[in-house]
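Structure record follows, encoded as structure tokens.
The values are calculated or read from the model by the stated rules, or taken from the named source; none is laboratory data. Given the structure is predicted, the values throughout are model-derived calculations rather than measurements. Neighbour counts are summed over all protein chains in view; Cβ atoms, including those assigned to glycine, are modelled from backbone coordinates with ideal geometry.
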Amino acid sequence: MNRFIFLFLALTGLPGCSQPEQRDPTAILSQSWPQIEARGKNQPVSMVMWLGDPFINDYMNKYVRPEVKKRYGIDLQIGAGQGAGLVQTLMAEQEAGQPSEVDMAWINGETFYQLRQIKALLGPFTPLLPNARYLDLRNRFINTDFQQPVNGMECPWGNVQLAFIYDSRTITDPPKSFADLPAYIKAHPGQFTIPNEFTGMTILKSWMMALSGNPRLFMGPFNEAVYQKWSGELWTQLDALKPYFWKAGKTFPEQLAPLHQLFANGEVGFTFSNNDAEVDNKINLGFFPKTARAYVPDPGTIQNSHYLGVIGHAQHPEAAMLVINFMISPEAQLRKMDPTVWGDHTVLAIDKLPAGYRKLFRELPTRRYAPDRDAIQGKAFQEPAPEYMTRLFKDFRTHVIETN
Amino acid sequence: MSSKQTNTLLLTVYALLVVGLPLMGLGTALLSSLGVAGPLARGFTTQYWQQLGAGGGLFSSLLYSLYITLVSLGLSVGIALALVLAGGSTLNRQPFPTLLYVPLLVPSLVMGFYLFQLLSRAGWLSRITYQLGLTSRIEAFPELVQDAAGTGIILAQILMAFPFFTLLFRTLYTDARLDELRNLTKTLGASDRQFRQRVAIPVLLRRASPTLVLFGVASMGAYDIPLLLGRTYPQMVSIFVTDRLSRFDLQEIPVGYGAGFLVAVLMMGSIGWLARTAQNYAL
């Protein structure tokens, strides 16, 4: 009988007894860097991130992991997780009142907004990091995430801009602007579609801002009247174009990876990337044809940054900060920016770096197939408030997907 | 402790695991959908249920899931019955019985990817037909995945289900001594066709009905295959619910919980009713 009592207790009571203690975020953030280093060394760190790109995975697994192990004895464990899935996990942990299994996460925009809504982030930790002095925090594309001042709550990690990707062998005259897009789509039926996910919503936001003729209308807090007017214009345009989309607009790819696959197979003429340099990455992988090219249509597309966050109830927040400090070091950022490694644009201000690093950043191998960064900087829209994204995502389903 | 007390404790643990935990999950989903549980809860509200009812998407999803389930289940059962009743002794000879296990070992996600590669317009079949000169351009190949009729989903479900049903019917055929019954019906003047239609098929279907019901429920809740091979609209219920739970707007999550609760209750009710009906007709 005792066996059954033990089983019952094991199932119901004991897990609660072994639960690790929750730590006060204020106390964590009031430590000095030497204290953080002392407490963070030789700890495991659990990081969740998007694992959909072999180059990015290799950068993390073959470079960042061994480096933090060597420098701090940190065992960095990387798992898949992002967006709403991550938010759900953290919400469940909060409801259960238990410390998080996640110490740090790759986040941006809408996830930052959601994590702040549920108070799941540690707090303003970035100023504690020694390498934060190199960050380009004067840049509005880096210091503001979806119109929300970052304020140290998440640490900038990389900066990217939405780009259109096409095969120059089969498409010699890609539409140069959003204004040219409707005529092009009508003249080339079945070649264009919009993924029903993050990148797709970035296309819709850029298209809507381009339609308005004044992207500054979308700056600041969410404006219902602006959204109604310009999303209305967008739905009207998409409604007229729908029969000319891939599969006559009867369905849309649910993820970006299947759209990349359709592009690689030649079933569609265009795919997209939130990273303007991804085309180099995918060609180097042999996934896209060597004739693939990326460009930014006029008048521009959204440029944004991605960030690293420390979770509020993390079990190893100090170790997570050590990892993040390494990830924004000039050495790690330089390697990440190399198109043969990842091609993710740096968030460091080159002029703040030591002279040796300034030279190294400027002498990096240039992109071969992606647009030049300096050339597209003038065609960058700032991310509008998160509500534009959530509303577009909902209304895209109502106004476009479900009107078949 | 007496054996009666031991049994009571065991039953309690069993009930906690089998009934208690799922019901707690359902209860949490219901409370979340009413705005009284969850980190974003702001007090009792019916707004999420109103949102759920306003769209009509859940109803379309339920109908679409029912259609996919009935067609794939019906065709799988039809193929399996035909193999068992017409294949007869051939089906019992190696390697056929072993081969039937092969599709059962393939995970649904792998089956989905395989069919996508095979049947999409830029897939292997399309390329073969193009090379053979049967199609002149990519659009000439018929839409077999992400199509309105759910052909890809149905095909995948059939490929995964019919080997299982064939093995099941073969075992039931032997257990029910249908060969002996066939001889008996023949001595009474029945033809092979009459034996199959009036005796074998009813016996096999009735004996297999609990399994068929469970398989139908599993098909209705399928996720991987419809995610890969289905359209963005209409969606099967599992995709519909997951989509609501993982949207960018956190205010959509209670709507997802409401949809999940409703689907779970409908499924449980259907299983209960079908299981009772099946039991009444079981031989």
Open item on the list: Is it the case, given these coordinates, that A:Thr236 is β-branched (Val, Ile, Thr) and over 22 Å from the mean Cα position of the chain (by Cα)?
Closed with: yes
Task: Exclusive hit being buried (at least 20 other Cβ atoms within 10 Å of the Cβ), within 26 Å of the chain's Cα centre (by Cα), within 14 Å of another protein chain (Cβ to nearest Cβ) and of a type in the set (Phe, Trp, Tyr), set A:Phe252, A:Phe222, A:Phe245 - done: A:Phe252
- [ ] Could you tell me which residue of region B:36-82 is surrounded by the most Cβ atoms within 10 Å (Cβ to Cβ), considering only residues that are of a type in the set (Gly, Ala, Ser) and under 29 Å from B:Leu178 (Cα atoms)?
- [x] B:Ser72
- [ ] Output the residues belonging to region A:99-134 that are surrounded by fewer than 19 Cβ atoms within 10 Å (Cβ to Cβ) and either assigned to a strand (DSSP E or B) or among the polar types (S, T, N, Q) (or both).
- [x] A:Gln117
TODO: State all residues of region B:249-274 that are more than 14 Å from chain A (Cβ to nearest Cβ) and among the aromatic types (Phe, Trp, Tyr); if no residue qualifies, say none.
DONE: B:Phe261, B:Trp273
Open item on the list: Quick check on my filter: what residues within region B:232-261 are polar (S, T, N, Q) and under 19 Å from A:Leu392 (Cα atoms)?
Closed with: B:Thr232, B:Thr242, B:Ser246, B:Gln251
Task: Test result for A:Asn139, at positive phi and not basic (Lys, Arg) - done: no
Open item on the list: Condition first: among the charged types (D, E, K, R) and within 13 Å of chain B (Cβ to nearest Cβ). Now tell me which residues in region A:76-102 satisfy that.
Closed with: A:Glu93, A:Glu95
- [ ] Tally the residues that are away from chain B (no Cβ under 11 Å) and under 13 Å from A:Gly83 (Cβ atoms), restricting the search to region A:191-208.
- [x] 1
Open item on the list: Restricting to region A:255-274, and then to whatever is assigned to a helix (DSSP H, G or I) and of a type in the set (S, T, N, Q), can you tell me which residue is farthest from the other protein chains (Cβ to nearest Cβ)?
Closed with: A:Gln261
Open item on the list: Suppose we filter region B:254-274 for residues that are hydrophobic (A, V, I, L, M, F, W, C), surrounded by fewer than 24 Cβ atoms within 10 Å (Cβ to Cβ) and in contact (Cβ under 8 Å) with a residue 24 or more places away in the chain; how many remain?
Closed with: 9
Task: Residues of region A:353-373 classified as part of a loop (DSSP other than H, G, I, E, B) and touching a His at 6+ places or on another chain (Cβ under 9 Å), total - done: 0
TODO: Report the residue count in region A:135-158 for those that are in a strand (DSSP E or B) and either among the hydroxyl-bearing types (Ser, Thr, Tyr) or modelled with pLDDT of 95 or more (or both).
DONE: 6
Open item on the list: If I go through region B:224-245 residue by residue, how many of them are of a type outside the set (D, E, K, R), part of a loop (DSSP other than H, G, I, E, B) and within 12 Å of chain A (Cβ to nearest Cβ)?
Closed with: 5
Open item on the list: Let me spell it out: the conditions are (1) free of Cβ contacts under 8 Å to residues at least 24 places away in the same chain; (2) buried (at least 17 other Cβ atoms within 10 Å of the Cβ), and B:Ala176 meets all of them except one. Which number is the exception?
Closed with: (1)
TODO: Please specify each residue of region B:150-179 satisfying the condition of being among the small types (Gly, Ala, Ser) and within 12 Å of the chain's Cα centre (by Cα).
DONE: B:Ala156, B:Ala161
Task: helices (runs of 4 or more DSSP H) contained entirely in region B:66-163, each with at least 3 residues that are in contact (Cβ under 8 Å) with a residue 60 or more places away in the chain - done: B:108-119
Task: Filtered residues of region A:198-219 (kept if surrounded by 19 or more Cβ atoms within 10 Å (Cβ to Cβ) and assigned to a loop (DSSP other than H, G, I, E, B)) - done: none
Task: Unique residue being hydrophobic (A, V, I, L, M, F, W, C), away from chain A (no Cβ under 14 Å) and surrounded by 11 or more Cβ atoms within 10 Å (Cβ to Cβ) when the list is B:Phe113, B:Phe96, B:Phe141 - done: B:Phe96
Task: Within region B:1-17, tally of residues that are in a helix (DSSP H, G or I), aliphatic (A, V, I, L, M) and either within 10 Å of chain A (Cβ to nearest Cβ) or touching a residue at least 24 places away in the same chain (Cβ under 8 Å) (or both) - done: 5
TODO: Starting from residues that are β-branched (Val, Ile, Thr) and at pLDDT 95 or above, keep the ones in region A:49-87 and report whichever is farthest from A:Tyr307 (Cα to Cα).
DONE: A:Ile74
TODO: Might you let me know whether region A:312-326 holds any residue that is over 18 Å from A:Ser46 (Cα atoms) and either modelled with pLDDT of 95 or more or touching a Lys or Arg at 6+ places or on another chain (Cβ under 8 Å) (or both)?
DONE: no
TODO: Might you check whether a residue that is surrounded by fewer than 17 Cβ atoms within 10 Å (Cβ to Cβ), modelled with pLDDT of 50 or more and not β-branched (Val, Ile, Thr) occurs anywhere in region A:5-20?
DONE: yes
Task: Among the candidates A:Gln228, A:Gln237, A:Gln255, A:Gln261, residue that is touching a residue at least 60 places away in the same chain (Cβ under 8 Å), over 25 Å from A:Phe141 (Cα atoms) and among the polar types (S, T, N, Q) - done: A:Gln255
TODO: Might you let me know whether region B:18-34 holds any residue that is without any contact (Cβ under 8 Å) to a residue 12 or more places away in the chain and over 19 Å from B:Val265 (Cα atoms)?
DONE: no
- [ ] Taking only region A:117-132 into account, find how many residues are within 14 Å of another protein chain (Cβ to nearest Cβ) and under 16 Å from A:Leu29 (Cβ atoms).
- [x] 3
- [ ] Evaluate region A:378-388: report whether one residue or more is without any contact (Cβ under 8 Å) to a residue 24 or more places away in the chain, surrounded by fewer than 16 Cβ atoms within 10 Å (Cβ to Cβ) and either part of a loop (DSSP other than H, G, I, E, B) or within 14 Å of chain B (Cβ to nearest Cβ) (or both).
- [x] no
Task: Every residue from region A:19-53 that is within 27 Å of the chain's Cα centre (by Cα) and either farther than 19 Å from A:Leu121 by Cβ or free of Cβ contacts under 8 Å to residues at least 60 places away in the same chain (or both) - done: A:Gln43, A:Pro44, A:Val48, A:Met49, A:Trp50, A:Leu51, A:Gly52, A:Asp53
Task: Counted residues, region A:92-117 - those being modelled with pLDDT under 90, in contact with a helix residue (DSSP H, G or I) (Cβ under 8 Å, 6 or more places away or on another chain) and under 21 Å from A:Gln22 (Cα atoms) - done: 1
Open item on the list: Would you confirm, using the coordinates I've provided, whether B:Phe248 is surrounded by 18 or more Cβ atoms within 10 Å (Cβ to Cβ), among the aromatic types (Phe, Trp, Tyr) and assigned to a helix (DSSP H, G or I)?
Closed with: no
